[in-house]
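Data first, discussion second: the structure below is written as structure tokens.
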Amino acid sequence: MKDISVVIPVYNDEEVLTELYCRLNRGLKVISPNYEIIFIDDGSNDKSLDVLQDLQFADHRIRIIRLARNFGQSNAIAAGLEQSQGEFIVIMDSDLSDRPEDISSLLEVLNENDVEMVIAQRLERNDKWINRSLSKVFFMLS
């Protein structure tokens, strides 16, 4: 069993995947040497899969799940969760809107409290106004 699984749905994010991997890898090595990164290619039509395969060739801790077409983020996450082997599972976006460096803080909160889940929300968003507005409505309703 792995200590940590990071589940990342990917859709047309070829430009940021290498940076995402480098930042994730740097942070995870400090937390535990026993981790896996599961990328779920959700039917990307750019070179995301090629980038992921290059990364996987260099790092055996990377696993790739390729969906036949775009099934959507929630289905991609479900596919990754089904394959994850970690005691702790982190779900994050591939577009770097989630900071890989925050994983250690999330795990710290989890370990210091008697909880089974930690959910984080970004306070400062650099998204388009429509995305910020939809996020505010979502968090008000939840």
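The values are calculated or read from the model by the stated rules, or taken from the named source; none is laboratory data. Keep in mind the model is a prediction, meaning the values are calculated, not measured. Note: ideal-geometry Cβ built from the backbone for every residue, glycine included; neighbour counts use all protein chains shown.
You will find that of L107, L134, L49, the residue that is farther than 11 Å from I8 by Cα and at pLDDT 95 or above is L49 and no other. Filtered by the rule that a residue be of a type in the set (F, W, Y) and assigned to a helix (DSSP H, G or I), region 1-55 gives a lone residue, Y21. Just one of the listed residues (D46, D114, D42, D50) is over 16 Å from K2 (Cβ atoms) and surrounded by 15 or more Cβ atoms within 10 Å (Cβ to Cβ), namely D42.
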